[in-house]
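Undergrad: The following block contains the structure, expressed as C-alpha cells.
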Amino acid sequence: METPVKENQFDEQFHRYDAELKAKAEATFWRIIGTLFKRRMFVLGMTAVAGVVAIVISLLLPTWYQSTTRLLAPESSATSPISAALMRSLPSAATAILGGGGEGDFERYISIMSSRSVAERVIERFDLVNVYQTEDALDPLQDAHLILLGNVEYTIDRDFGFLSVNVLDQDPQRSADIANFIVEELNRINMGLASQDASNFRRYVQHRYEETLGHLDSLKLAMQGFQERYGIYDIEAQSSAFLEQLATMRTEEIMFDIQYEALVGQYGPDNPQAQLARTSMLAAQRKREEAMAGQEDILPIPQSDVPDVLRQYFELEQEAYIQRSILEVVAPLYDQARFQEEREFASVQVVDSAVPPSRKAKPKRASIVIMTTVSVCILSILYVLASAWWHRVSPGLVARLRLAIQSEH
C-alpha cells in the first residue's frame with residue numbers, strides 16, 4: 001500500500017520541477033527580449049554604422065578583372081615527339097604496355113608557364129614592377145613575381161580534357177594580354193625543349209644506326225673470310241648436293257662390290273672381269289673416302305670438322321640476322337628522328353583566346369556588405385546580452401568575494 005503513495009509523490013515532484021524549468025525558461029526568454037528591446041537603438045545603430053562602413057570600404061576596394069584562355073593538347077600527342085616516334089616503332093603489345101601518349105601532358109605545360117623564366121618575361125613585357133608598385137621593395141622583381149603567381153591560376157578539366165589559364169588584373173585589357181602572352185611563351189619554350197630533345201634523340205639513333213652498319217660490314221668481312229677458308233657459300237645447298245653425291249658414290253661402290261663377288265663366285269678371283277670389277281670397287285671406295293675427308297669441291301671440309309664449322313657458320317648467320325633485325329627498327333626510327341628534328345612542334349591548341357572581360361571578377365561588394373552587416377549585428381546582440389548578464393550577476397559575485405576576504409582576515 002506504500003508503493004502507490006511514493007509513486008504519486010514522485011510524479012508530483014517531477015511535474016513541479018518541470019513547471020519550474022518552463023517558467024524559468026520563459027522568464028529568461030522574455031528577459032532577453034526585454035534587454036534587446038531596451039538596447040535596440042544600440043544594436044540598430046551598430047548594424048547601420050557597420051553597413052555604411054562596409055559600403056564605403058567595398059566601394060574603395062580596387063576592381064579586378066579575370067581573363068581566361070582555354071587550351072587543348074595537340075591531337076594524339078605523347079609526352080614528347082620522341083615518345084611518339086618510339087611508340088610508332090614498337091610492336092602493338094609493347095605500345096599497349098608502355099602507353100602511346102594521352103590527352104596531353106598538362107602538368108608539363110603548367111610547369112613551363114609557372115616557371116621563373118616565363119614570369120620574368122611577363123613582368124618585363126608588361127612592366128609589372130610599376131603596375132604592382134614593388135619598385136621600393138628590397139627585391140622588386142621577386143615581389144612582383146609573387147604577386148603575379150597569386151593573380152594567375154591554372155585549372156585542368158579532366159572530364160573534358162582542357163587546360164584553362166586565368167589571369168586577374170585591374171586592367172581588363174592587360175589581363176587578357178597577359179593570358180595570351182603566357183600561352184605564347186609556353187609554345188616558344190616547349191618548341192625549344194622539344195627541338196633539343198629531338199636533336200639529342202637523333203644523335204643517339206644515328207650512333208646506333210652507324211654502329212649497326214659497322215657490325216654488318218664486319219660480319220660481311222668475317223663471312224667472306226669464312227667462305228674463303230672453308231669454301232662454304234650456301235651451307236644448305238652444298239650439304240644437300242654433298243649428301244646426294246655421297247649416296248651416288250656409295251651406290252656405285254655397292255654395285256661394283258656385288259658384281260665382283262658374283263664374278264669371283266663364277267670364274268674365280270683371277271678372272272680379268274673380276275679383277276676389273278674389284279678395281280672399280282676400290283676406286284669408288286677411295287673416291288667416297290676422299291669426299292668424306294673434305295677433298296671434294298661441293299663440301300670441301302673433313303667430316304670430323306663439320307660440327308665446328310657448322311657452329312661457326314650458324315654463329316655468323318645468327319649475328320647477321322640480329323643486326324639486320326636491329327637495322328629494320330633503327331633505320332626508320334633514324335628517318336623519323338631527322339624529321340622530328342627539322343619540324344616545328346605545336347605545344348597546345350588555343351580553343352578560346354583571352355579577351356578583355358566586361359564584368360569584374362572581384363570584389364563581390366554585395367557579399368562584403370551583407371556579411372559585414374550581419375556579422376556586426378550578431379556581435380552587437382551578443383555584446384548586449386553578455387553586458388546584461390554581467391550587470392545582473394556581478395553584484396552577487398562582488399558580495400561573495402568580500403565575504404571570502406573578510407573570512408580570511
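Undergrad: Can you run down the residue pairs with Cβ atoms below 7 Å, 6 or more apart or on separate chains, where the first is in the stretch 182-195 and closer than 19 Å to Val152 by Cα and the partner is of a type outside the set (A, V, I, L, M, F, W, C) and surrounded by fewer than 18 Cβ atoms within 10 Å (Cβ to Cβ)?
TA: Glu185/Arg121
Undergrad: Looking only at the stretch 363-409, filter to residues that are hydroxyl-bearing (Ser, Thr, Tyr) and surrounded by 10 or more Cβ atoms within 10 Å (Cβ to Cβ); which one of those is modelled with the lowest pLDDT?
TA: First pass over the stretch 363-409, keeping only residues hydroxyl-bearing (Ser, Thr, Tyr): 367, 372-373, 375, 380, 383, 387, 394, 407.
From what's left, surrounded by 10 or more Cβ atoms within 10 Å (Cβ to Cβ): 367, 372-373, 375, 380, 383, 387, 394.
Working: Ser367: 87, Thr372: 90, Thr373: 91, Ser375: 91, Ser380: 88, Tyr383: 87, Ser387: 84, Ser394: 73.
Here the residue is Ser394.
Undergrad: Continuing with the same structure: Specify the residue that is modelled with the lowest pLDDT; the eligible residues are those in the stretch 43-98 that are in a loop (DSSP other than H, G, I, E, B) and out of contact with any helix residue (DSSP H, G or I) (no Cβ under 8 Å at 6 or more places or on another chain). Please lay out each step first, then the result.
TA: Narrowing the stretch 43-98 to residues in a loop (DSSP other than H, G, I, E, B): 61-63, 73-80, 90-91.
Cutting the leftovers down to out of contact with any helix residue (DSSP H, G or I) (no Cβ under 8 Å at 6 or more places or on another chain) gives us 62-63, 74-75, 91.
Numbers: Pro62: 83, Thr63: 86, Pro74: 67, Glu75: 59, Pro91: 44.
Out of the qualifying residues, it is Pro91.
Undergrad: So the check is Cβ under 8 Å with 6+ separation or different chains; which pairs have a first residue in the stretch 99-119 that's closer than 15 Å to Leu71 by Cα and a second one that's modelled with pLDDT of 90 or more and acidic (Asp, Glu)?
TA: So the pair list comes out as Ile112/Glu185; Met113/Glu185.
Undergrad: Could you say which residue among Gly225, Gly161, Gly214 is loosely packed, with under 13 Cβ neighbours inside 10 Å and either within 30 Å of Pro356 (Cβ to Cβ) or modelled with pLDDT under 80 (or both)?
TA: Working: Gly161 fails: loosely packed, with under 13 Cβ neighbours inside 10 Å; Gly214 fails: either within 30 Å of Pro356 (Cβ to Cβ) or modelled with pLDDT under 80 (or both).
One residue alone meets the criteria, Gly225.
The values are calculated or read from the model by the stated rules, or taken from the named source; none is laboratory data. None of these values were measured; they are calculated from a predicted model. Quick reminder, even Gly has a Cβ in these numbers, built from the backbone with ideal geometry, and neighbours come from all protein chains shown.
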